[in-house]
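Here it is, the structure, as C-alpha cells.
What follows is calculated from the coordinates using simple rules that are stated; it is not laboratory data. Please read these numbers as outputs of a predicted model, since none were measured by experiment. Neighbour counts run over all protein chains shown; Cβ positions are idealised from the backbone, glycine included.
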C-alpha cells in the first residue's frame, strides 16, 4: 500500500509536468503556424485564438498519451538510479506487482483520452468547420492587416491599409484592387470603414479618393474622384464540403461501413488502448544500472513509441484502403506490443543470467 501511494504521487507530478511542457510547445508551434496563415490572408485575425483552441484539443489525446508514457518511464528510472527498486525487491515486491498501481493511475487518463477521441474531438471538428464558414460569410475586415497586402473573396479583392483603429474600425490610406467581369478596378482613398445597414447589407465606404477602371492591356482607363464611395460586400457562400469523417459523431461512424469510416473508428479506439499498453511497457523500460548511472532505456522507449505509433497509423491506412479487416487492424498492433511488453518483463524479472554468459 505504501509503494502504491508513493508511486501514484510521483507519477502524477511527473506526468503533469511533462504534459504542461508538451502543451506549451504545441501552443507555440500552432500559434506560429496560424500567424503564418494570417500573414498570407488565409485566416482572419479574430479566428486565431479560436483555431488555436480547436487544434490543441485535437492533439491533446496524443499529448496525454506521450505524457503518461514519459511520466511512468521517468519515475521508474529515478527509482532504479536511487536503488529504491532494489529495496522493494528485497521487501518482496516483484516488478509485475507494479502493474496494478500503474494501470490504476493510467485508467483515468485513458478514460479522458477515450472521451476526447470518441465524443469531444468530433464535436470540436464540426464546430471548427462551422466557425470557418461563418468567418468566410462575414465581411473582409478581419483579413485586413496594417502594412500588409491581404487577399479575400477567392482573389477578387486585394487590400492594403497603412493603419487601422481597432476601436472604430476606421482604416487610413487605403488601397484596394478588385476584378469584376474582366475589368480591373483600383481604389485609393484617404480612409475607409465597414458599415451595416438596417436591412443587414454590408458596405465598404471609402472617403476622399480616386477610382481607376479599365481592362488590362488597354489604354481607355476611367478615373473617378469621389468624396464617398460605397461598395457592396456580398457574404461568401460556403461551397459544398466533402464528408469529413473526423467530425462524424460516434453513432454515425459506427453505422458507416465504408473503409474510411472504419479507419476513423479504428484510430479513435486504438489511441486510448495504446495509452494503457505504453504505461505498462514503461515499467520495464525504466531500468537503469545503478552502478553505471546510465541507461539506454530512454532511447529504446523513444524507438518503441515511434514504432508503435507508426504501426497504428499503417494499420489505419490499410483499413482505409480496404487491405486489412477492421478487427485484425485493431488487434494486431496492440497484441504485438503486449507480447513485447511481456518479453521485457520476463527479461527484467529473471533471476539467473543466460547460460551463454555462465560459460
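Could you work out how far apart the two model spin labels at residue 227 and residue 306 are, taking each label as a point 7 Å from the Cα in the direction of the beta carbon, and quote it in nm?
According to this spin-label approximation, the distance is 7.0 nm.
Going by how many other beta carbons lie within 10 Å of each one, how would you line up 338, 271, 63, fewest first?
338, 63, 271
Under 8 Å for C-alpha pairs, at least 6 residues apart: give me the relative contact order for segment 143-233, rounded to a whole percent.
18
Oh, and also: Taking 0.36 nm per residue of sequence separation and subtracting the Cα-Cα distance, how much length would be gained by fully extending the chain between residue 104 and residue 195, in nm to one decimal?
Details: separation 91, 0.36 × 91 = 32.76 nm, distance 5.90 nm.
That works out to 26.9 nm of additional length.
Counting pairs of Cα atoms in segment 12-104, how many percent are more than 23 Å apart? Walk me through the intermediate numbers first.
Numbers: 1958 of 4278 pairs.
The answer is 46 percent, as a whole percent.
Quote the convex hull volume per residue of segment 143-233, based on C-alpha atoms, as a whole number of Å³.
Working: hull volume 10.1 nm³, N = 91.
Here the figure is 111 Å³ per residue.
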